[in-house]
Amino acid sequence: MSKITYKSCQINKACNLRKLSFKIGYSHTHFERMSRPEHKAPPEIFYNEEEARKYTSNSRIMDIQVQMCERAVELLALPDDENCMILDIGCGSGLSGQVLTEQGHIWIGIDIAKAMLDVAVERECDGDLMLGDMGQGMPFKSGTFDGAVSISALQWLCNADKTSHRPQKRLYTFFSSLFSSLTRSARAVFQFYPENGEQIELITSQAMKAGFFGGLVVDYPNSAKAKKYFLVLMTGGSVELPQAMGTDAAENSRIAYSKKREIAKQARGKPLKKSREWILAKKERRRRQGKETREDTKYTGRRRPCKF
Ligand SMILES: C[S@@+](CC[C@H](N)C(=O)[O-])C[C@H]1O[C@@H](n2cnc3c(N)ncnc32)[C@H](O)[C@@H]1O
């Protein structure tokens with residue numbers, strides 16, 4: 001049974017900036033912006049009881065979160081066969097923590113939304129849970145964690161939900177406290193949804209200022225759907241960043257697409273491109289057009305052995 005440490009945290013229910021934008025009226029950009037959860041309400045209000053339940057019963061969301069956390073753990077590059085102590089930042093209802101448990105690690109999760117943590121308790125997550133705002137810093141002793149993961153949470157810190165919020169300052173407070181709570185050979189991996197280049201710049205600059213090395217790994221950069229941003233931070237010095245996945249995705253999808261087209265053609269009764277039937281038909285067309293064309297032989301359309 002999980003132990004919950006509900007650290008006191010101030011929750012401001014007013015959402016002045018967003019109310020104001022409603023009053024001003026809607027623009028196209030406004031609608032685009034409002035499709036992101038972090039533009040609808042502060043996290044502790046957006047993830048209310050209803051949303052927390054909906055989130056944790058949607059099998060598509062669950063699959064995606066689990067996959068992204070598995071990738072984040074891979075990027076952590078933890079020592080083989082060791083049970084490590086991991087911090088899950090913005091742990092929510094424990095979907096990402098479940099991956100940590102399955103991989104044999106001990107974890108502590110921190111989240112600002114009580115409703116999400118309540119669902120994590122109901123689901124009997126193995127990690128210890130703490131209610132807290134990452135923008136106020138990580139309240140742990142130096143060197144507590146061998147690694148940290150954060151799935152789909154970091155972009156929330158780029159918003160100012162209260163008049164007192166300064167995203168740059170909150171990011172710095174967060175990263176510097178995280179830096180000290182990690183061991184000196186640890187990594188922290190964040191999967192996040194940046195809204196634009198400025199947010200990436202804001203986040204990475206504050207992480208570097210706090211002492212981290214590392215950078216961005218973008219998986220499937222050429223796929224609108226599969227593209228995923230992982231910020232890989234290191235405490236112990238500069239190490240080459242891991243290889244992104246799917247960097248030849250465009251090539252693969254082109255191959256897959258042309259193959260699909262060929263299969264469809266065959267289904268319509270047309271010969272496959274470069275097959276003997278296709279070549280014979282093409283030669284016949286050329287002859288009809290009066291063009292010089294070689295005679296058909298038993299070798300026409302036969303595959304030639306590779307040169308090398
Ligand atoms: C999309 S959910 C992801 C939850 C979990 N990591 C998963 O993979 O299912 C994002 C979580 O980030 C949390 N979050 C957002 N801003 C936060 C903050 N300032 N401090 C702590 N948690 C925050 C939200 O409450 C929410 O539970």
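The values are calculated or read from the model by the stated rules, or taken from the named source; none is laboratory data. Just so we're clear, the structure is a prediction, and the values are computed from it rather than from any experiment. No Cβ is skipped: glycine too gets one built from the backbone with ideal geometry, and neighbour counts run over all protein chains shown.
Hey, among the residues in the range 40-77 that are hydroxyl-bearing (Ser, Thr, Tyr) and within 11 Å of the ligand (Cβ to nearest atom), which one's surrounded by the most Cβ atoms within 10 Å (Cβ to Cβ)?
Residue satisfying both the conditions and the ranking: Tyr47.
How do the pairs read when you match residues in the range 71-89 that are under 11 Å from Ser150 (Cα atoms) with residues anywhere that are in a helix (DSSP H, G or I) and β-branched (Val, Ile, Thr), using Cβ under 8 Å and keeping only pairs 6 or more apart or on different chains?
Val73/Val99
What about Asp118, is it more than 27 Å from Ala226 (Cα to Cα) and either within 20 Å of the chain's Cα centre (by Cα) or of a type in the set (Asp, Glu) (or both)?
yes
For Leu75, only one of the following conditions fails: (1) at pLDDT 95 or above; (2) part of a loop (DSSP other than H, G, I, E, B). What is its number?
For Leu75, the failing item is (2).
Which of the numbered conditions does Ala120 fail, given that it passes all the others? Conditions: (1) buried (at least 24 other Cβ atoms within 10 Å of the Cβ); (2) farther than 18 Å from Lys54 by Cα.
Status for Ala120: all satisfied but (2).
Count, please, the residues in the range 123-144 that happen to be farther than 18 Å from Phe46 by Cα and buried (at least 21 other Cβ atoms within 10 Å of the Cβ).
Counting residues in the range 123-144 that are farther than 18 Å from Phe46 by Cα and buried (at least 21 other Cβ atoms within 10 Å of the Cβ) gives 5.
Give the residues of the range 180-196 that are outside any strand (DSSP E or B) and either in contact with a Ser or Thr (Cβ under 6 Å, 6 or more places away or on another chain) or under 18 Å from Leu100 (Cα atoms) (or both), sorted by residue number.
Of everything in the range 180-196, those that are outside any strand (DSSP E or B) and either in contact with a Ser or Thr (Cβ under 6 Å, 6 or more places away or on another chain) or under 18 Å from Leu100 (Cα atoms) (or both) turn out to be Ser180, Ser181.
Taking Tyr229 and the conditions (1) touching a helix residue (DSSP H, G or I) at 6+ places or on another chain (Cβ under 7 Å); (2) farther than 23 Å from Glu44 by Cα; (3) within 16 Å of the ligand (Cβ to nearest atom), which numbered condition does it fall short on, given that it satisfies the others?
Looking at each condition in turn, Tyr229 falls short on (1).
Could you give me the residue pairs with C-beta distances under 9 Å whose first residue belongs to the range 49-68 and is within 17 Å of Val121 (Cβ to Cβ), whose second residue is near the ligand (Cβ under 9 Å from one of its atoms) and of a type in the set (Val, Ile, Thr) wherever it lies, and which are 6+ apart or on separate chains?
Listed by first residue and then by second, the contacts come to Tyr55/Ile61.
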